[in-house]
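The values are calculated or read from the model by the stated rules, or taken from the named source; none is laboratory data. This is a predicted model, so every value here is computed, not measured. Cβ placement follows ideal geometry from the backbone for every residue including glycine, while neighbour counts extend to all protein chains displayed. Quick note on the areas: whole protein, heavy atoms, side chains included, nothing else; ligands and nucleic acids left out. Shrake-Rupley method; radii C 1.70, N 1.55, O 1.52, S 1.80 Å.
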Amino acid sequence: MIVTHKIYTKQKFWLFAAPLLLFYTAFIIYPLIMCLVYSFTGYRGIGALEWNNFANYTRLFTQDSNFWTLFRNSVFWVLGSTVLQYFFAIPISVLLNQKMRARGLWRGLMMVPWVTPMVIAGLIWRWMFEGNYGLFNQLLGTDIVWLADSSTVWICLLIVSTWKGIPYATLMFLAGLQGIPGDLYEAAYVDGAGPFRRFWHITLPLLSPVIMVTALTSMVATWTKFETIWTMTSGGPGYTTSILPVYIYMKAFRSFEMGVGSAVAVVAMLVMTIFIIIYLKFYRKYTERL
């Protein structure tokens, strides 16, 4: 009876796991394998695969003058977006964690950017930054072409990315703040610690594990974020705001250079994988010191 029960339990496990395994294989593992295969070919969307070994990677690293510019843009995009999101999300979460009138309403309004589809939000923001009749030029009385000027376009994109990413970080920090015992704040208050010292010596250290984990997920998501830049600037002017995901799309689906586009995707994936490994090692050492 025990053996029969174990067999039955195992069958139930595979029965329930099968849909997830099929989905994971069809939409994650198979595309990854084919992307790696295409990166070693000159495939252009039709015809047979023509193997060219490492020619695509050699072209990217030694002949493509745009690749390293796009790589630097991607790093700047990830770091700039994450730092700005967390710079505002931490104080907002602390504020929303306080007792205030209509706190539930403010928390709900805070989630609006997160639930707004990025394509719709991008179109609205692009209209607001429009050079001729955009909202900002109307309010400021200027005629700046915000999204076509290389000196202002990154500022606009980072504003939109920060606006979009703050709700997620704030929600995670709010959850972390709920786990901090109120007795610590009361004891610090009795000892004469002001609001800033309580935040610096209690809130920030106890919230740091949540910050570290959430920062990793935010950076990974931003590294692959395509729709924000594409909706607002399409990577322009020129390649000024192009990042690796935009370059993948342009190479694979605009120029039909599937092999080169796949090579860019593989490089981007490897860079992010290495970063995650280093980050997790640093995080493990950091948590051991706590």
- Query: What whole number of Å gives the distance from the Cα centroid of the range 243-262 to the Cα centroid of the range 120-161?
  - Reply: 27 Å
- Determine the sum of side-chain charges near M110: Lys and Arg each +1, Asp and Glu each -1, restricted to other residues whose C-beta is under 14 angstrom from that of M110. +3
- Are there any helices in the chain, counted as whole DSSP H runs, that stretch 30 Å or more along their axis by Cα and score at least -0.5 on average by Kyte-Doolittle, and if so which? 2-24, 65-96, 153-178, 258-289
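If packing is taken as the average count of other Cβ atoms within 10 Å, what order do 190-203, 88-101 fall into, highest mean first?
Taking the mean over residues of other Cβ atoms within 10 Å, the ranking is 88-101, 190-203.
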- Query: Given H placed 1.01 Å from N in the peptide plane, which residues other than close sequence neighbours of T41 have an amide H under 5 Å from its amide H?
  - Reply: N52
- Task: Just the number, please: carbon plus sulfur as a percent of the accessible area of the range 202-265, 1.4 Å probe, no ligands or DNA/RNA counted.
- Result: 70 percent
- Message: As an exercise, take the mean of 1/r over every pair of distinct alpha carbons in the range 181-290, invert it, and state the Kirkwood radius in angstroms.
- Response: 17.4 Å
- Message: Filter K164/K251; K225/K281; K251/K285 down to the pairs with a C-alpha to C-alpha distance above 32 Å, please.
- Response: K251/K285
- Message: How much length would be gained if the chain were fully extended between V145 and V83, taking 0.36 nm per residue of separation minus their Cα-Cα distance, in nm to one decimal?
- Response: 19.7 nm
- How large is Rg over Rh for the range 52-108, taking Rg from the Cα atoms and Rh as the Kirkwood inverse mean of 1/r across Cα pairs? 1.43
- Message: Which residues among the range 218-258 fall inside the zone where the amide N is under 13 Å from a point 7 Å beyond the Cα of N132, along Cα→Cβ?
- Response: none
- Could you order peptides 229-237, 160-168, 146-154 by the average number of other Cβ atoms within 10 Å of their residues, highest first? 160-168, 229-237, 146-154
- Query: So what does the Cα-only Debye profile of the chain read at q = 0.08, 0.12, 0.14 Å⁻¹, as log10 I(q)/I(0), no solvent term?
  - Reply: -0.51, -0.99, -1.16
- Message: For the chain, what does the accessible surface come to per residue with a 1.4 Å probe? Please give it in Å².
- Response: 61 Å²
- Task: State log₁₀ I(q)/I(0) for the range 188-244 at q = 0.26 Å⁻¹ as given by the Debye formula over alpha-carbon point scatterers of equal weight, solvent excluded.
- Result: -0.96
